Amino acid sequence: MSEKPIWTPSDTRIKSSLIYDFARKAEDKFDNKFPDYESLHHWSVNNISDFWDFFWDWANIKGDKGDVAIHDENDMSVGAKFFPNGHVNYTENMLVKNDDSIAIIFWGEDQIKRELSWSDLHARVSQCEQMMRGFGIQFGDRVASFMPNTPESIIALLACANIGAIFTTASPDFGVTGVMDRFGQIKPKLFLYPDGYYYNGKWMDVRTKALDIAKQLNCTSHEISYKTGAWAEIDTYAAKPLTYTRHPFNHPLYILFSSGTTGIPKCIVHSTGGVMLQHIKEHRLQCDVKPNDPIFYFTTCSWMMWHWLSSGLGSGASILLYDGSPFIDNGRILFEYAQSSKMTLFGTSAKFVDALRKVDWVPKDNYDLSSIRSLGSTGSPLVHESFDYIIENIKSDIQINSLSGGTDIVSCFMIGNNLSPVYRGELQGAGLGYDVIASDDDGNDLGKGGGQGELVCRKPFPCMPIEFWGDKNDEKYKDAYFNDIKGVWCHGDWIEQTVHGGFIIYGRSDATLNPGGVRIGTAEIYRQVEKIPQVLDSLCIGQDFDDDVRVVLFVILQKDVQLNEGLIAQIKSEIRKGASPRHVPAKIIQVTQIPRTRSGKIVELAVRNVVHGRPVKNKEALANPEALNQFKDLEELKS
């Protein structure tokens, strides 16, 4: 564990940050002292009602709070509701400006570039809302978007939210079955789709697929041009000033879907007010997003980070959208975007950073990245060596904001802040209002430096799902988070809190290896394997074998490299030296593909099921389901 931080906020950075302003005003309001992030966080989780009530006022949220923030701030269970008598309008709180400054910038990998001012955005949302109302969309109806990451997706969300209808998305690279597994459960009244999109230099026409989906959904469908944003149905309406009706705080805003790798995707319903409060809190207090900041996150509309980025409008930021492969020209396109837009927050995945480590060019030597204040990374744990790479090759004075949350909470349990240092390999800490700990099997806090345990949250938070759509008596909801350890939200990650108060994530606890009864996180193995230049990618599982569990590692190697005894010995030596003898795989097997979800996450459980001859219930959730075939009936695993 690193003893010295790799980044420490300067006194100027601290005192100019929004979280510093929030802390000073909270001190005055509550006659308390918050000299550092730890004290502020402690107050936020031990005074849940006061924290969220005060944050509402500090952030100038438009709406009516009602008479109570939460009835029981210790009630961590399904049904815990914040501001139960409150009323807000998400769109009203997002469209905070109406002028000629830039609200949205869009880049496609094919060099299509578009900009919308705040006044343009108001006009398009007005037109879209009129179209939806003309079609008969009402409060509570579902609108499904099969769109790429273009401004029209944001416009549709904002128009839908203003009506009080419920928005949901799936990326256009999904197959028909994958889309129907999602949208078919919620019966949308309107289906939006593009003519196509570009990916990795190819035009993907989706019209035939989209019309097949629309027919099965038996609902009206509208086509939108990817290249120009032309949308015939809304272009017939004249823009007019928007009016805002405030909806109940806990009314659904949108439905997200679980990855579906273990069955039909669960439909996770998120609330208007809970999402809005949580996202604005994370943008302003955790990421220091200020008015006019250009902020970027690489994402598709199927990933919760799209919803997170969209809410950046609520802080007056300019949101930067990119659609296509991030690896065009070895990743240069995203840094060109950063330089051109002067982005302040550069958000990407740990996998992208790891891929950059294997290219032969240095971003900081090729682009002016002086505007970037923080680099966000999520999707999987950011390994220690990637922290080094960022500091050495992207920017030396940069806050590495490693995030971890999920679709379940459409936000981040662990996230950065501008008051604390960043330590190599660590997420800075739990987000304000999140009572997150590393827990033993009984829900007890293992504490700083107390070892590895389950990620649990002990207090309710505003963006807990309202429900799972169609979940009778909340049975699936309870089973997902509340049945493993009584009285807490059990998230399914295997973590450790460090002596610095930060966190390290070792992988999913349900994919945690258990050789000889000793629990091992897969991320510990990946970190060591990523040091080996011949290995491009890897996936690790536990195989039930001879009344025990043995560690099996699958690797993709550099072109023209074959797995041999020498390389196997090198991999095992690196893992033994960097982790422990318990982490050393019993078997190392070369493959050509690693199966991943459409948001880029490796699917250890799906591979484990294939290896054990069990079915994978929803291959449509995978970007490359054919990759699973490599793991069937492997001779190497029979002895």
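The values are calculated or read from the model by the stated rules, or taken from the named source; none is laboratory data. Quantities reported herein were computed from a predicted structural model and do not represent experimental measurements. No Cβ is skipped: glycine too gets one built from the backbone with ideal geometry, and neighbour counts run over all protein chains shown. Heads up: the accessible areas ignore ligands, DNA and RNA and are worked out on the full protein's heavy atoms, side chains in. Shrake-Rupley method; radii C 1.70, N 1.55, O 1.52, S 1.80 Å.
General remarks:
- Ranking Val45, Pro35, Ile6 by Cα position along the charge dipole of the range 1-80, where only Lys, Arg, Asp and Glu carry charges on their C-beta atoms, puts Ile6 farthest toward the positive end.
- Kyte-Doolittle at least -1.0, axis length at least 20 Å by Cα - qualifying DSSP helices, the chain: 118-135
- In this structure the range 380-437 gives 19 Å² per residue of accessible area when probed at 1.4 Å with all protein chains present.
- Highest-first arrangement of 533-541, 193-201, where packing means the average Cβ count within 10 Å: 533-541, 193-201
- Dividing the mean sequence gap of close Cα pairs (under 8 Å, 6+ apart) by how many residues the range 540-639 holds gives a relative contact order of 27 percent.
- Antiparallel %, DSSP beta bridges [both residues in the chain], to 5: 60 percent
- Once the 1.4 Å probe is applied to the protein heavy atoms, the range 160-212 comes out at 35 Å² accessible per residue.
- Relative contact order for the range 374-428: 36 percent, from Cα pairs under 8 Å spaced at least 6 residues apart, divided by residue count.
- Gyration tensor verdict on the range 83-182 (Cα atoms; rounded if a/c is under 1.5, prolate if a/b is larger than b/c, oblate otherwise): oblate
- Residue (of Ala230, Gly502, Gly521) at the positive-pole extreme of the chain, dipole from beta-carbon charges: Ala230
- Note on Lys97: aspartates and glutamates with a C-alpha under 12 Å away, same-chain residues under 8 apart excluded, are Asp120.
- Pairs of Lys residues in the range 355-499, spaced 8 or more positions apart or belonging to different chains, with C-alpha separations under 22 angstrom: 9 in total.
- Only protein atoms count toward the accessible area here, which uses a 1.4 Å probe; on the chain, the carbon and sulfur part of that area reaches 46 percent.
- Straight-line cross-link partners of Lys266 among the aspartates and glutamates, defined as a Cα under 15 Å from its Cα and at least 8 positions apart when in the same chain: Asp181, Asp408, Glu467, Asp471, Asp474, Glu475, Asp479, Glu620.
- By the Kirkwood approach, averaging reciprocal distances over each pair of separate Cα atoms, the range 255-363 gets a hydrodynamic radius of 15.4 Å.
- In nm, spacing of pseudo-spin labels at Lys33 and Asn444 (7 Å Cα→C-beta vector): 3.3 nm
- Peptides 545-555, 182-192 ordered by packing proxy, namely the average of other Cβ atoms within 10 Å per residue, highest first: 182-192, 545-555.
- Loop-located trypsin sites (Lys or Arg not before Pro) in the range 400-494 (DSSP state other than H, G, I, E, B) with a sparse environment of at most 11 neighbouring Cβ atoms within 10 Å: Lys486.
- DSSP beta bridges in the range 454-599 [antiparallel fraction, %, rounded to 5]: 80 percent
- At a probe radius of 1.4 angstrom, the accessible area of the range 500-639 per residue rounds to 45 square angstrom.
- For the chain, averaging the sequence separation of C-alpha pairs within contact (under 8 Å, six or more residues apart) and dividing by the residue count gives a relative contact order of 14 percent.
- The range 543-639: Lys pairs at Cα distance under 30 angstrom, eight or more positions apart or on different chains: 27
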